[in-house]
Every structure is written in structure tokens, then in C-alpha cells.
Amino acid sequence: MSFTALHRALGVGPGPLTDEILNAAVDAGVTETNDLDWKAELPPQKGLPQTDYPKDIAAMANSGGGVIVYGVLETQKAATGRVDVGELDETYERSLRSAAITAISPPVFGLNITRLGENGSRAVAVEVPASVDGPHLIYKNDYFGAPVRNDSDTVWMKERQIEAMYRARFEERRHATEALDALYAEATAGRDIGNRAWLIAVAHPRIPRLQERMTREDARSVLAKTERVALSFAINRGVHPLQSVDRLNPRPGLRRWVAVNTATSPNSAWKEAWASIHHDGSVTLSAAVGGHPSGRDWEAPGLRYFEGWEVESVTIECAVADLMALLRTTAESTGADEYDVRVGIEWEGGDPLVILTLDTMGFTYRDVSTPLHRYSPIETTVNAQGSEKDFRRHVYDLAQDCVNQGGISNVLLIQRPDEDDQPEHE
């Protein structure tokens, strides 16, 4: 869901950018602004990095984001008519995305490219997200510069502007770390980490959601979709934390919705889990991962349990799949894109933490495990709005980092994207 300069100029609420909206904006003679740029033609695909396209994208990113519309005539910055820009095929679209990454430093990710209109009036809208990585620089030969929008024009930043933007970037990183620290501490509080190990996973959008609060129905919808997505990431084996929370009745918390633990009976308490979706787009997941049953038949009489410091690698994989699915579906609902992610295992018992794997026969195997006196949380940044394949790569890489720390080489449940032919989730 978008809210562009066109939506704002026409006084309509957030929603898809449509051909009807573009026609209305042209008929109204909407003028260019800081976050709106009219262009009559698409830049040529050949030699795209050497055109003005990278400068236009970087300028929008440096100015808080905006939309560039190709296929609109303008006079004195005001839209006067439509013109056909031709066909934008998948190869051309990939070139537009690639140039925003390779010809700009730091790269600009997360472009939303929309085709509008039919033959004779085809247009293309490129939505550039707000960025916290500014200043974005472009290089030409041996020179570089930082473009920025000045009302309807693109100009070059002066030295003091560049200095101020770098300072803002470093300050943002400090705030992002503090936000992750706070989420992680909240998700850990109250867990019995002296008796059994807990996996704590949190994610915070780099540009938090600032729209209206998420309703209970919104949260319920996100949680319902999350389970399906998680099972598409990790095949349906092992213990998925989200199957142990109340997904149908999220409860209100402080600027969040909380999916409370439902594993409360004596026979199920070993899989306790909690999840939350915050109004700013942040998500958290806490799951007991130590002390699980050692067999596959969890209802068998005389069941033996692992010790509190023993954690199966497949349990970690399931939790990572659930966290990333929750992040993905929340981002789709809120419009957030880049997220900072932290996944750790908290254990305060006297014995070192041990991550267990399975041998080729499916039996527990510990000979390759590296005892850990402290598990170092894994941190990464992911584009939640990226392609399905790219996002699956993030899921796989994060799971691999989490189990590698314990001496485990192989990820067992989550397939590499190039090995996974499952269709994209709906």
C-alpha cells in the first residue's frame, strides 16, 4: 500500500498507485515537488548507469523518498498530458533496479516500480523509499556528488549538507541499536533462562511505521498468514513457536498486540512461546528451545527430555522461519521495508549450551557440537519487501549463522532458494 505525492495532491488515502490516479493528477495539473518528478521518457536501457537516472534516484532518496513518473508531459513543472513510454519488460525493470544498486553508493534498495496505462498511454512510476543511509553518492569518472531535491529541481549538496547527513546516518544507527536492545531485553524479561535455553528474536524497521495503529483484526490477519508463510520456509517438521501462541485472539499491550503462550498444560509447557507485533512494525518472538522431548513421539509414556542447555538445531530453524515470516507479513501490512534483525539464545545455567543435530538416520547427534559458554546474538539487515527468492536467501543465511555458531554445518529444514521450487505465498 502506497501513499505518494499523487495521493496527497489529490486528497486520497493510501492505496495502490493506479492509472486513474495518474490521469486525475494530470487533469488537475499537479506540479512537481520535493517528492514528485515528471519525466516524459524512460531513460535508455543501454548505458543506464551513465544517464541521469542514478542522479534522480539518489536525489529522491536523499530527500526523504518520492515518486518519479515516466510518461507525463509538463510545462513550468505542471503536468499537461500523457505520452507513451513504450514497453517495460522484466529485463528493463531489472536494469532499473540494478542501476539504483550499482551506480549509487550506498545502494538504494526497495524501489517499487509500477506499470500504468495501456498501449498509447503507457507510463511507469518508480517509487523511491525514504532512506536512512544518506548521503547517497553518484560517481562520474573521478568525481562524486550527492544530489538532492530542492522543491522541483535537483541540485548538488554543499559540504555542510553532506556532513550533516553523515551525522544523521550515524545517529540513526545508534538509535537503531538502542531500539533492538530494548526489544531484545523486553522479549527476554521473565523467561526462565536459568532452567532452560530460550531463543529470543526481534526485528525493528529502519524507518518505523508512523501511520494509524494496527487493529486487532489487522494483527489477527498477519498472524494467520504468518503461519502459512513460515511453513513454506521450513518444511513441517520440528516445533514451530507460532503454533504455541494464540494467533486468533491477540491481546493489547503497550503499543503492540501480543500473541500469548497457549502451551500451558504439564505435557506441553516445554514448548512455551510468545510473539508480539508492534504498531511501529517491530516484531518479537520468544521460544523455549532447551529441554525439549528427545524423541519424535511427544505423547509417548515415559518420555525423556533433553537438558535445559541442550537445543536441537531444527528447533532453531523453525524459530528463525517463524520470525522471518512474521517480519515479512507485518511489513506487507505496514509498508515497512528494511529491518534490523537480532536472534540470540539466552541461557544462564552452569553447563555450556550445546546445539544438537541429526544424523542421516534421524537420530540425535552431538559429536560435532561446540559447547558455548555464551551464544553471541546474530544481527543482520533484511529487505522485507524484496523478491521471494531474495527473502528466502535471507531466511536460509540467518538460520545457517545461528546453527554454525554451535559447530553445526548443515541447515536441515530450510532449503536454499535455488533448491526450493515452491511457489510464492499468496
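Suppose we filter R206, R216 for residues that are open to solvent by 50 Å² or more (accessible area, probe 1.4 Å) and either charged (D, E, K, R) or touching a strand residue (DSSP E or B) at 6+ places or on another chain (Cβ under 9 Å) (or both); which single one remains?
Of the residues listed, the single one that is open to solvent by 50 Å² or more (accessible area, probe 1.4 Å) and either charged (D, E, K, R) or touching a strand residue (DSSP E or B) at 6+ places or on another chain (Cβ under 9 Å) (or both) is R216.
So A59 fits all but one of (1) open to solvent by less than 50 Å² (accessible area, probe 1.4 Å); (2) farther than 13 Å from V128 by Cβ; what number is the exception?
Tallying (1) open to solvent by less than 50 Å² (accessible area, probe 1.4 Å); (2) farther than 13 Å from V128 by Cβ, A59 fails exactly one: (2).
Would you confirm, using the coordinates I've provided, whether D351 is closer than 21 Å to A197 by Cβ, open to solvent by 60 Å² or more (accessible area, probe 1.4 Å) and in a helix (DSSP H, G or I)?
The answer is no for D351.
Being out of contact with any Pro (no Cβ under 6 Å at 6 or more places or on another chain), open to solvent by 10 Å² or more (accessible area, probe 1.4 Å) and touching a residue at least 40 places away in the same chain (Cβ under 8 Å) is true for just one of T370, T381. Which residue is that?
T381
Just a yes or no: is a residue in region 260-271 among the small types (G, A, S), open to solvent by 50 Å² or more (accessible area, probe 1.4 Å) and more than 26 Å from Q415 (Cα to Cα)?
Yes, the conditions are met somewhere in region 260-271.
Of all residues in region 167-192 being among the basic types (K, R) and modelled with pLDDT under 85, which is surrounded by the most Cβ atoms within 10 Å (Cβ to Cβ)?
R169
Could you tell me how many of the residues in region 128-147 are open to solvent by 20 Å² or more (accessible area, probe 1.4 Å) and either in a loop (DSSP other than H, G, I, E, B) or of a type outside the set (F, W, Y) (or both)?
8
Take the residues in region 3-20 that are in a helix (DSSP H, G or I) and of a type in the set (G, A, S), then tell me which one is nearest to the chain's Cα centre (by Cα).
This residue is A5.
Kindly evaluate T91 against the criterion of being within 23 Å of the chain's Cα centre (by Cα) and either at pLDDT 90 or above or open to solvent by less than 20 Å² (accessible area, probe 1.4 Å) (or both).
In short, no.
Can you tell me which of S286, S313 is of a type outside the set (A, V, I, L, M), touching a helix residue (DSSP H, G or I) at 6+ places or on another chain (Cβ under 6 Å), surrounded by 20 or more Cβ atoms within 10 Å (Cβ to Cβ) and at pLDDT 95 or above?
Result of the check over S286, S313: S286.
Of all residues in region 251-278, which are aromatic (F, W, Y), out of contact with any Lys or Arg (no Cβ under 7 Å at 6 or more places or on another chain) and assigned to a strand (DSSP E or B)?
W274
Taking the stated definitions as given, is R160 surrounded by fewer than 14 Cβ atoms within 10 Å (Cβ to Cβ), farther than 14 Å from V283 by Cβ, in contact (Cβ under 8 Å) with a residue 40 or more places away in the chain and of a type outside the set (F, W, Y)?
No, not satisfied.
Pairs, please: C-beta under 9 Å, at least 6 apart or cross-chain, first residue over 19 Å from G81 (Cα atoms) and in region 6-23, second exposed (fewer than 14 other Cβ atoms within 10 Å of the Cβ)?
P14/M1; P14/Q211; G15/M1; P16/M1
Which is touching a residue at least 12 places away in the same chain (Cβ under 8 Å) and either of a type outside the set (A, V, I, L, M, F, W, C) or closer than 14 Å to E348 by Cβ (or both), of H204, H175?
From the options H204, H175, the qualifying one is H204.
Can you go through L248, L231, L199, L223 and tell me which one is open to solvent by less than 10 Å² (accessible area, probe 1.4 Å) and either at pLDDT below 95 or not in a strand (DSSP E or B) (or both)?
The conditions single out L223.
For region 1-45, name all the residues that are open to solvent by 50 Å² or more (accessible area, probe 1.4 Å), out of contact with any helix residue (DSSP H, G or I) (no Cβ under 9 Å at 6 or more places or on another chain) and within 24 Å of D337 (Cα to Cα).
Scanning region 1-45 gives F3, R8, P16.
The values are calculated or read from the model by the stated rules, or taken from the named source; none is laboratory data. What you see is a predicted model; the values in this text were computed from it and never measured. Every residue, glycine as well, gets a Cβ built from its backbone with ideal geometry; the counts of neighbours run over all protein chains shown. Only protein heavy atoms, including side chains, enter the accessible area calculation; ligands, DNA and RNA are left aside. Shrake-Rupley method; radii C 1.70, N 1.55, O 1.52, S 1.80 Å.
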